[in-house]
Amino acid sequence: MDPIIQNISKHITLTPEEEQLFLSKTEIRHYKAKTMLHHAGQVCKESYFVNSGLIRSFNINDNIVEHVLSFACDGWWISDMYSLLSQKPGNLFIEVLEDSEVMVLSKENQDQLYLEIPKLERFFRILIENSLVANQERLMDNLSLTAEERFDKFCKRYPTLLQQVPQKQIASYIGVTPEFFSKMKARMLKK
């Protein structure tokens, strides 16, 4: 079964005809590492499902410091949700971290699929709800947990990413500088 159909089937059931219609509205693309899929300031017109590879979303502040918002590996979706849903310029960059095969769903095709396969609205609502819950939990973690506790939680939640993602990006994700992250890891290893 196609990975994107497997992903959908976790939440809703499509008929074989609906599966084919859905797949006909997507496009498989291959990207090399360091490819930028989306730039801050642009209106996001696509969402991406990662068949294989690794992608991240991030923002760059006025001091030219990167803040990693999310990672997406095999079987995960990624987009600039604010921009995609509002159709206003977003503030995220989306970058391919390692060579990736991606299923691309345009906003236009997604909206058309809602009309042709109404239960897909339920699927995407569930994805958005899960994303909202994860972002709220991460925000609360950033407000209440120490950097070590946030890193420990990251390690438990995303064990495969530890070997795939550069340490400076993990540091950014948990909200610390690379220098602090390096010292913190050294302290943790001594314990």
Exercise. What number of residues within region 56-85 satisfy the criterion of being buried (at least 19 other Cβ atoms within 10 Å of the Cβ), assigned to a loop (DSSP other than H, G, I, E, B) and small (Gly, Ala, Ser)?
Worked result: 1
Problem set entry | Check on Glu19, surrounded by fewer than 21 Cβ atoms within 10 Å (Cβ to Cβ), over 28 Å from Leu120 (Cα atoms) and in contact with a helix residue (DSSP H, G or I) (Cβ under 7 Å, 6 or more places away or on another chain) | no
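Can you say whether Ser79 is touching a residue at least 12 places away in the same chain (Cβ under 8 Å), of a type in the set (Ser, Thr, Tyr) and within 24 Å of Asp141 (Cβ to Cβ), as far as the supplied structure shows?
Details: touching a residue at least 12 places away in the same chain (Cβ under 8 Å): yes; of a type in the set (Ser, Thr, Tyr): yes; within 24 Å of Asp141 (Cβ to Cβ): yes.
It is true that Ser79 is touching a residue at least 12 places away in the same chain (Cβ under 8 Å), of a type in the set (Ser, Thr, Tyr) and within 24 Å of Asp141 (Cβ to Cβ).
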Seminar exercise, completed: Among the residues of region 27-51, the number that are out of contact with any Phe, Trp or Tyr (no Cβ under 8 Å at 6 or more places or on another chain) and farther than 13 Å from Ile78 by Cα is 12
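Condition check ((1) surrounded by 12 or more Cβ atoms within 10 Å (Cβ to Cβ); (2) closer than 30 Å to Leu84 by Cβ; (3) touching a strand residue (DSSP E or B) at 6+ places or on another chain (Cβ under 6 Å)) across all residues:
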| position | (1), (2), (3) |
| --- | --- |
| Val133 | no, yes, no |
| Ala147 | yes, no, no |
| Arg150 | yes, yes, no |
| Pro159 | no, yes, no |
| Val165 | yes, yes, no |
| Lys185 | yes, no, no |
For this session: Out of Glu149, Glu121, Glu129, report the one residue that is acidic (Asp, Glu), in a helix (DSSP H, G or I), under 29 Å from His11 (Cβ atoms) and in contact with a helix residue (DSSP H, G or I) (Cβ under 8 Å, 6 or more places away or on another chain).
Result: Glu121
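Does Glu95 count as within 18 Å of the chain's Cα centre (by Cα) and either among the acidic types (Asp, Glu) or over 22 Å from Ile170 (Cβ atoms) (or both)? Spell out the reasoning first.
On the way: within 18 Å of the chain's Cα centre (by Cα): yes; either among the acidic types (Asp, Glu) or over 22 Å from Ile170 (Cβ atoms) (or both): yes.
So Glu95 passes the test.
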For this session: Kindly indicate whether Ile8 is assigned to a helix (DSSP H, G or I) and out of contact with any strand residue (DSSP E or B) (no Cβ under 9 Å at 6 or more places or on another chain).
Result: yes
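Quick note: the coordinates plus some simple rules give every number you see, no bench work behind them. Since we're looking at a predicted model, the values are computed, not measured. For neighbour counting, all protein chains shown are included, and Cβ atoms are generated from backbone atoms with ideal geometry for every residue, glycine included.
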